[in-house]
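Peer 1: Could you have a look at this structure, given as structure tokens, before my questions?
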Amino acid sequence: MHRRPLSIILLLLLAAACGGKYAVHDEAPMPDAASCPFVYAFAPGNYIIDVASGADVILDPAAQEFPLFCRPPEARAFINKEVTAGRLAEGDWRVYRLDGQFEELAQQSDNGRYTLKRMASVVDWVTEDF
């Protein structure tokens with residue numbers, strides 16, 4: 001007889017705990033073309049060689065998640081933060097400009113960041129003197 005109320009209480013506690021874990025976070029609105037004329041992502045530095053030689057360099061979200069940014073300094077700050085936190089391996093990470101507009105390339109992931117939703121061509125690299 002005491003098992004049923006205890007089970008209900010445990011179930012409610014579990015539901016409350018999950019609700020806190022998966023609480024809806026503030027979702028940033030997708031930038032429009034006027035506020036985000038170019039789209040940037042980061043990838044290994046050796047891609048510069050291929051981009052400079054005119055080769056097609058394609059980022060594929062099926063192979064790896066690529067966070068997207070409207071400005072190169074935002075991408076560099078993200079790289080530095082992720083490396084410092086140990087979530088990204090130290091290395092020669094570079095910021096690249098992608099071919100396309102934010103609304104056609106981006107999807108919002110569960111963590112609230114925008115990531116690449118389809119394959120995209122790298123059109124240029126960013127000289128980081130900002």
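Peer 1: Just to be sure I understand, how many residues within the range 41-60 are of a type in the set (Phe, Trp, Tyr), under 16 Å from the mean Cα position of the chain (by Cα) and either part of a helix (DSSP H, G or I) or surrounded by fewer than 17 Cβ atoms within 10 Å (Cβ to Cβ) (or both)?
Peer 2: 0
Peer 1: Another question, then. Mind counting the residues in the range 76-90 that are more than 17 Å from THR127 (Cβ to Cβ) and in contact with a strand residue (DSSP E or B) (Cβ under 7 Å, 6 or more places away or on another chain)?
Peer 2: So the count comes out to 1.
Peer 1: Taking interchain pairs and intrachain pairs at least six residues apart, which have beta carbon atoms under 8 angstrom, with the first residue in the range 26-43 and acidic (Asp, Glu) and the second open to solvent by 30 Å² or more (accessible area, probe 1.4 Å) and at pLDDT 85 or above?
Peer 2: GLU27/GLN108; ASP32/GLU103
Peer 1: While we're on this one: Could you list, ordered by first residue, the pairs with Cβ atoms under 7 Å in which the first is in the range 48-62 and closer than 24 Å to ALA106 by Cα and the second is open to solvent by less than 50 Å² (accessible area, probe 1.4 Å) and of a type in the set (Phe, Trp, Tyr), at least 6 apart or interchain?
Peer 2: LEU59/PHE66
Peer 1: Would you be able to say whether some residue in the range 115-123 is open to solvent by 80 Å² or more (accessible area, probe 1.4 Å) and without any contact (Cβ under 8 Å) to a residue 12 or more places away in the chain?
Peer 2: Scanning the range 115-123 turns up no residue that is open to solvent by 80 Å² or more (accessible area, probe 1.4 Å) and without any contact (Cβ under 8 Å) to a residue 12 or more places away in the chain.
Peer 1: Given the conditions (1) within 15 Å of the chain's Cα centre (by Cα); (2) over 26 Å from ALA55 (Cα atoms), report the number of the one that GLY86 does not fulfil.
Peer 2: (1)
Peer 1: So in the range 61-100, with the set limited to residues that are of a type in the set (Gly, Ala, Ser) and assigned to a helix (DSSP H, G or I), which one is least open to solvent (accessible area, probe 1.4 Å)?
Peer 2: ALA75
Peer 1: Let me ask something additional. Of all residues in the range 87-114 being without any contact (Cβ under 8 Å) to a residue 60 or more places away in the chain and among the aromatic types (Phe, Trp, Tyr), which is farthest from CYS70 (Cα to Cα)?
Peer 2: My answer is TRP93.
Peer 1: Could you tell me which of the residues PRO73, PRO37, PRO44 is within 15 Å of VAL126 (Cβ to Cβ) and at pLDDT below 95?
Peer 2: PRO37
The values are calculated or read from the model by the stated rules, or taken from the named source; none is laboratory data. Since we're looking at a predicted model, the values are computed, not measured. Note that each Cβ is placed from the backbone with ideal geometry, even for glycine, and that neighbours are counted across all protein chains shown. Accessible surface is based on the protein model in full, side chains and every heavy atom, while ligands, DNA and RNA are left aside. Shrake-Rupley method; radii C 1.70, N 1.55, O 1.52, S 1.80 Å.
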